[in-house]
Amino acid sequence: MLRDKLALALKDSSKADDPVRFCTLRLVHAAIKDRDLAHRASGRDPVSDDDIGQILLKMLKQRKESSRLYEEKGRHDLAAQEREEMAVIREFLPAQLPEEKIREVCASVVEETGAQGLRDMGKCIETLKDRYSGQMDFSKASGVVKEMLK
């Protein structure tokens, strides 16, 4: 289970002398705990591995954007720290599909669902999320599907 793997890595990093890894894993742990509390408050089950994968993807995306902004502003030291954190987060994500494969998968889902226009986009994205949760960036997939349905 991904939650256990993260907890073990957090424990190990607290003993090792790697402050970036430790702080990043603490942030991940806090985000998962926060989502658990939100789920509990609304009467839902604790977060699943798929939910944790989505949390990790969101954190990765935030760091990618921060790194880009830091580079633009000439803060290369902070950009490097963001990239280090991204490397730690990537360790716990399943392998992401390459862009060509995303296009291929989107085309097959559009064909399968019989989508005719942009109004069917939600159906396509929902199918992609069911099949490929944690394996692709759905903002990219959304753009690809939108392009195909125009």
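Bear in mind that the values in this text are calculations on the coordinates, not laboratory data. Please read all numbers here as calculations on a predicted model, not as lab measurements. Cβ atoms come from the backbone with ideal geometry, glycine included; neighbour counts cover every protein chain shown.
Some observations on this one:
- For region 99-149, the Cβ-based charge dipole about the Cα centre amounts to some 140 debye (Lys, Arg positive; Asp, Glu negative; other atoms uncharged).
- Segment Glu99-Arg119, length gained on full extension (0.36 nm per residue, minus Cα span): 4.8 nm
- Lys64 paired with Asp17, simple spin-label distance in nm, labels 7 Å along Cα-to-beta-carbon: 3.4
- Which of Met1, Ala87, Leu25, positive extreme of dipole for the chain (C-beta unit charges): Leu25
- Estimated [θ] at 222 nm from DSSP helical runs (n ≥ 4, -39500 (n - 2.57)) normalised by residues in the chain, nearest 500: -25500 deg cm²/dmol
- [x] 17.9, 55; [y] 17.3, 70; [z] 26.7, 91, with the label sought being that of the calculated Rg and Dmax of the Cα atoms in Å: [x]
- The label point for Lys73 and the one for Ser48, both projected 7 Å from the Cα toward the Cβ, are 3.9 nm apart.
- Simple point charges give the picture: +1 on the Cβ of Lys and Arg, -1 on the Cβ of Asp and Glu, and for the chain a dipole about the Cα centre of about 340 debye.
- Above-threshold pairs, the threshold being 24 Å between Cα atoms, out of Lys11/Lys64; Lys73/Lys129; Lys58/Lys129; Lys129/Lys150; Lys64/Lys150: Lys11/Lys64; Lys73/Lys129; Lys64/Lys150
- Look at the alpha carbon pairs under 8 Å that are at least 6 residues apart: their mean separation over the length of the chain gives a relative contact order of 21 percent.
- Sorted by Cβ density within 10 Å, fewest first, the residues Leu27, Leu37: Leu37, Leu27
- Extension gain from Leu27 to Glu111, taking 0.36 nm per residue of separation minus the Cα-Cα distance: 26.2 nm
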